[in-house]
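The values are calculated or read from the model by the stated rules, or taken from the named source; none is laboratory data. Just so you know, these numbers come straight off a predicted model, no measurement behind them. Cβ coordinates were reconstructed from backbone atoms using ideal geometry, including for glycine residues, and neighbour counts include every protein chain displayed. Side chains included, ligands, DNA and RNA excluded: accessible areas come from the protein's heavy atoms. Shrake-Rupley method; radii C 1.70, N 1.55, O 1.52, S 1.80 Å.
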Amino acid sequence: FMNNKNIVNLCNMKIFLETDLDLMLSRIVIKGTARKLKLETIVQRYLKFMKPSYEKWIEPTKGFADIVIPNFGQGQIDIQ
């Protein structure tokens, strides 16, 4: 999406909600164990699919954002 400059130019404001990868993994583990998945399976899927996809497709879009909002699990998003 961010590679298509026509789409990027149509956006009035681009916001990136930044989340720590460890926090993402912990949320994935909680959801996976609730679905009765083995911890080993959850971690393998995360390392093989989710983390690489995030690093390839999501993280690079941060550079196009007008605003980056840090969300590291405090329960609230503090905009300063």
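Starting from the eigenvalues of the Cα gyration tensor, five times each then square-rooted, give me the equivalent ellipsoid semi-axes of the chain, largest first, whole Å.
Semi-axes from the Cα gyration tensor: 28, 17, 9 Å.
Which percent of the accessible heavy-atom area of the chain goes to carbon and sulfur, probe 1.4 angstrom?
Taking all protein chains in place, the chain shows 57 percent carbon and sulfur surface.
Residues of the chain: accessible area per residue at 1.4 Å, in Å²?
Per residue, the chain has an accessible area of 81 Å².
In the range 1-59, which trypsin sites (Lys or Arg not before Pro) fall in coil by DSSP and have 11 or fewer other Cβ atoms within 10 Å?
Of the trypsin sites (Lys or Arg not before Pro), the ones in loops of the range 1-59 whose Cβ has at most 11 other Cβ atoms within 10 Å are 35, 36, 38.
Which cross-chain or sequence-distant (5 or more) residues have an amide H under 5 Å from the amide H of residue 14, H modelled 1.01 Å from N in plane?
Residues meeting the criterion, in which the H sits 1.01 Å from N, are 66, 67.
Round to the nearest 0.05 the FRET efficiency obtained for residue 29 and residue 56 when R0 = 30 Å and r is the Cβ-Cβ distance.
0.85
Tell me the relative contact order for the chain as a rounded percent, counting alpha carbon contacts under 8 Å between residues six or more apart.
Relative contact order comes out at 46 percent.
Please find, in a Gaussian network model of the chain (springs between Cα atoms separated by less than 10 Å), the residue of 16, 64, 49 whose mean-square fluctuation is greatest.
Result: 49 has the largest fluctuation of those listed.
Given the rule -39500 (n - 2.57) for each run of at least 4 DSSP H residues, summed and divided by the residues of the chain, what is its mean residue ellipticity at 222 nm, to the nearest 500 deg cm²/dmol?
That calculation yields -9500 deg cm²/dmol at 222 nm.
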